Amino acid sequence: MTDFSLLILPEQPDDGPAIERLYERTFGPGRFARTAYRLREEIAHRRELSFTARIGTLMVGSSRLTPIRIGTAPALLLGPLTIEPPFRGRGIGRGLIEASLEAAKKAGAKLVLLVGDEPYYGRMGFKRVPRGKVTLPGPVDADRILVAELAPGAFDGVSGPVRPDWAVR
């Protein structure tokens, strides 16, 4: 995968400040206006399903999963996924996503939604959601709404607005 010693580790409670600095460097202040960010700011992510990537003591990436509902169906929202720019293209993002999806599946989750590029995320099992089947609470390019089924057929019959899942704490 890489030519350096990479560790993918579960997110720890004291990782929060370093992750926020990573978001600030990689996404800048524009991140606060994004629809997916607005959804995530309303509810805490599930730390047990979220991971960091480290090279030695340097945090170079992070992935988080946040509980949502699509209509009435429970799901998780992947993101933010971020990698320090000098370390992109080395499989770190894929490693973080695979760790998060595996943990989510073991925890009994059946669906993971994200807003992103299908050519990249499609390699990890995400597929474009048909237009109009899912709506997010803000502007978003409908062609970038993707879903991964962690159980066969889990997305069958699922539709509706996406909102935070307050039942999961």
Amide H partners (placed H, <5 Å) of LEU111, local residues excluded: LEU76, LEU150
- request: Give, in nm to one decimal, the length gained when the segment between THR72 and ASP117 is fully stretched (0.36 nm per residue of separation minus the Cα-Cα distance).
  value: 13.6 nm
field: FRET efficiency for THR57 and LYS133, using Cβ-Cβ distance with R0 set to 41 Å, rounded to 0.05
entry: 0.40
Projected label distance in nm at TRP166 and SER5, using a 7 Å step from Cα toward the beta-carbon: 4.7 nm
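Quick one, what does Rg over Rh come out to for segment 6-164 if you take C-alpha atoms and the Kirkwood Rh? Walk me through the numbers before you get to the answer.
On the way: Rg = 14.8 Å, Rh = 15.8 Å.
A ratio of 0.94.
Since every read-out is calculated from the coordinates, none of them should be taken as a lab result. Since this is a predicted model, take the numbers as computed values, not measurements. When we count neighbours, we look across all protein chains shown, and the Cβ atoms used for this are built from the backbone with ideal geometry, even at glycine.
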